[in-house]
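A short worksheet on the structure shown next.
The values are calculated or read from the model by the stated rules, or taken from the named source; none is laboratory data. Note that the coordinates shown come from a computational prediction; the quantities given were computed from them, not determined experimentally. A quick note on method: Cβ atoms are made from the backbone with ideal geometry, for glycine too, and the neighbour counts reach across all protein chains shown.
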Ligand code: SF4
């Protein structure tokens with residue numbers, strides 16, 4: 001029985017092996033038939049391969065172009081960056097130049113300002129010095145001339161003083177000094193006048209045309225030298241004339257026996273008078 005079973009199994013295995021062989025054979029035959037049945041399949045495969053290759057090629061090309069484009073873009077980017085850097089550098093340079101010029105301009109302006117300031121200070125100092133000098137040179141008479149009106153100067157009177165007599169005295173004294181004149185302080189001292197009264201009198205006499213004043217520096221002080229110009233007409237000039245008390249005045253005439261031409265009294269009087277200052281006409 002066992003033997004029979006073993007024989008059956010062997011038989012089944014044999015059949016299985018044959019069946020497998022047949023399957024293999026069929027597969028090969030089918031494959032051959034398939035090739036025979038579809039002759040264009042190979043072309044199609046080749047075409048697909050070509051397409052695949054083309055596709056790969058295209059892809060490669062695209063990749064290359066993409067890479068190229070990328071490189072170009074990178075280059076352009078780099079170029080742009082370099083350009084921007086250059087522009088920034090130039091901008092910085094320009095900015096530095098402008099700042100330098102601005103600084104230079106500022107320094108120049110400051111220098112000019114300082115110069116102007118110095119000049120102004122110098123001029124101010126000069127003006128101040130001039131004013132101080134003018135102030136130092138300023139006399140009482142100049143101040144009076146500013147303070148008083150022409151009427152006040154010309155109408156000057158000293159209380160309880162005969163101004164005509166005083167004027168004649170001034171003229172007599174100055175006439176003795178002739179053109180050399182006399183320093184006013186000495187004259188006021190001689191006439192016992194205060195400086196203020198003397199100064200006002202000098203201004204009056206100058207306005208009247210009797211004297212001239214010459215500003216001089218005397219012992220570090222500015223004052224005036226008074227010089228006679230003309231003496232005023234005065235009744236005093238004929239007070240001592242001998243004719244006024246002459247006993248023979250009735251007989252006296254130019255062509256008579258008694259005449260001023262031959263009169264000793266008149267000659268003596270004239271001699272005395274001639275030594276005095278000339279009388280104004
Ligand atoms: S000039 Fe001689 S004389 Fe004649 S009135 Fe005079 S003082 Fe007399």
Fill in: Residue match in segment 187-202 (condition: more than 24 Å from residue 136 (Cα to Cα), touching a residue at least 40 places away in the same chain (Cβ under 8 Å) and buried (at least 17 other Cβ atoms within 10 Å of the Cβ))
no
Among helices (runs of 4 or more DSSP H) entirely inside segment 132-185, those with 1 or more residues being within 40 Å of the chain's Cα centre (by Cα) are 140-147
Taking segment 23-41 and keeping only residues that are assigned to a helix (DSSP H, G or I) and modelled with pLDDT under 65, one is left with 35, 37, 41
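Listed here are the residues, each with its yes/no results for (1) part of a helix (DSSP H, G or I); (2) modelled with pLDDT under 85; (3) within 16 Å of the ligand (Cβ to nearest atom).
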{"site": "202", "(1), (2), (3)": "yes, no, no"}
{"site": "207", "(1), (2), (3)": "yes, no, no"}
{"site": "224", "(1), (2), (3)": "no, no, no"}
{"site": "247", "(1), (2), (3)": "no, no, yes"}
{"site": "250", "(1), (2), (3)": "yes, yes, yes"}
{"site": "255", "(1), (2), (3)": "no, yes, yes"}
{"site": "262", "(1), (2), (3)": "no, no, yes"}
{"site": "272", "(1), (2), (3)": "yes, yes, yes"}
Of (1) closer than 20 Å to residue 210 by Cβ; (2) loosely packed, with under 11 Cβ neighbours inside 10 Å, residue 134 satisfies every one except (1)
Out of (1) closer than 27 Å to residue 272 by Cα; (2) surrounded by fewer than 17 Cβ atoms within 10 Å (Cβ to Cβ), the one residue 181 does not meet is (2)
